[in-house]
1. Put +1 on the Cβ of each Lys and Arg and -1 on the Cβ of each Asp and Glu in the chain; which of ALA72, ILE184, ALA301 then has its Cα farthest toward the positive end of the dipole?
2. Need the C-alpha centroid separation for the range 253-325 versus the range 172-195, integer Å.
3. Where does helix 17-35 land angle-wise versus the long Cα axis of the chain, in degrees 0 to 90, nearest 10?
4. For the range 196-238, what class follows from the C-alpha gyration tensor (a ≥ b ≥ c being the square roots of its eigenvalues): rounded when a/c is under 1.5, otherwise prolate if a/b is larger than b/c, else oblate?
5. Does the range 77-124 come out rounded, prolate or oblate, given a ≥ b ≥ c as the square roots of the eigenvalues of its C-alpha gyration tensor, rounded meaning a/c under 1.5 and, failing that, prolate meaning a/b above b/c?
6. Highest mean first, what order results for 82-91, 106-115 on Cβ atoms within 10 Å?
7. If a/c stays under 1.5 just call it rounded; otherwise compare a/b with b/c (prolate if a/b is bigger, oblate if not). Do that for the chain, with a ≥ b ≥ c from the square roots of the Cα gyration tensor eigenvalues.
8. For the range 266-325, divide the Cα radius of gyration by the Kirkwood radius and give the resulting Rg/Rh value with two decimals.
Amino acid sequence: MSTLRGRNLLTLADATGAEILELVDRAELLAARRRDGVTVHTLAGKSIALIFLKPSTRTRAAFLVAATELGAHAEVLGRDDIRFGVKESTKDIARVLGRLFHGVMFRGFEHATIAEFAAHAGVPVWNGLCDQYHPTQVLADLLTLRDNFGELAGLPVTYVGDGRNNMAITLAIAAAKVGLDFRILAPRALHPDPALIATLLAERESPVGGLTVTDDRALALTGSAALYSDVWVSMGEEDQTLERIAVLREYKVTAAMMAATGRSDTIYLHCLPAFHNLDTETARAHPDICEVDEEVFEGPASRVFDQSENRMHTAKALMELTILG
Ligand code: CP
Ligand code: NVA
């Protein structure tokens, strides 16, 4: 029986390093089963709610397919279906859905709303992204890193871009749990809160690895096994597009940046969606918004679609281990 039974995953801080690795191990097994065409309906008879107050492609599709393949029924509840705080309080909605569903994935804005929902739902709640964290994405990222490098402890990984956003912070939490040698390469204006990094370092569970926040490229890139980027403007920040481009334009991941690691096996990661060419309306309106060159995104080092697939394997592991144990 897993210690994760009945637990929430609102941030990766909710799990121990060993529990995070247990989730990754389980996801790896489930991925192998799927490749072999083996179907096991471990969640038959269970119902899962997927709440989206912000849009989603991967998270929605990954949880839907994961639930379906495990034999569960999943129901998507969008922003216009549930009007949090408009017609019904978060606490009341949580108590209703907790009576009906066996687990709830929640994508929202403020972490406090998800935490309030989880406090009253009485069933496992999984954060499918909020302004501060994106833990279900990082489970998939850890699986992708392990698929490529075998061992996470001590693995050098560099995040490039907005060092304060939900991806940078969640990767930093994961690093402190499982021992990545995690570096954030960001302009000073976008460095995360030093107190948060100091707390993560002080409380880190792994004796190996580290956390470095810097605008020094050599320090951040040398020896790195993976460069990770995210959009420069997260959902809900669209009014800051021009200022973000101005401060991050030198931080685009290029082939030269990949080469600056000094390794030939460095991979490129991105949670997606990404701006890497002018094929979208947003990028045509702001041609300098691309956080990565097309050459890197489409190149042999890119593992971005493996990450997307791994969202589904890790969603399965998370639902199984928190609902069934
Ligand atoms: N990576 C990710 O969470 O993608 P979506 O916003 O499409 O769910
Ligand atoms: N930082 C991005 C992640 C998207 C998956 C956002 O919050 O929009």
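The values are calculated or read from the model by the stated rules, or taken from the named source; none is laboratory data. These numbers come from a predicted model, not from an experiment. As a convention, Cβ positions derive from the backbone with ideal geometry for all residues, glycine included, and neighbour counts pool all protein chains shown. Note: areas computed on protein heavy atoms with side chains; ligands, DNA, RNA excluded. Shrake-Rupley method; radii C 1.70, N 1.55, O 1.52, S 1.80 Å.
1. ALA72
2. Cα centroid to Cα centroid, the span is 18 Å.
3. 80 degrees
4. Working: a/c = 2.24, a/b = 1.33, b/c = 1.69.
Oblate, since a/c reaches 1.5 and b/c is not below a/b.
5. Details: a/c = 1.42, a/b = 1.23, b/c = 1.15.
Since a/c stays below 1.5, the shape of the range 77-124 is classed as rounded.
6. Working: 82-91: 13.0, 106-115: 19.2.
Ranked by mean Cβ neighbours within 10 Å, highest first: 106-115, 82-91.
7. On the way: a/c = 1.61, a/b = 1.37, b/c = 1.17.
Since a/c reaches 1.5 and a/b is larger than b/c, the shape of the chain is classed as prolate.
8. Details: Rg = 15.6 Å, Rh = 13.4 Å.
The Rg/Rh ratio comes out at 1.16.
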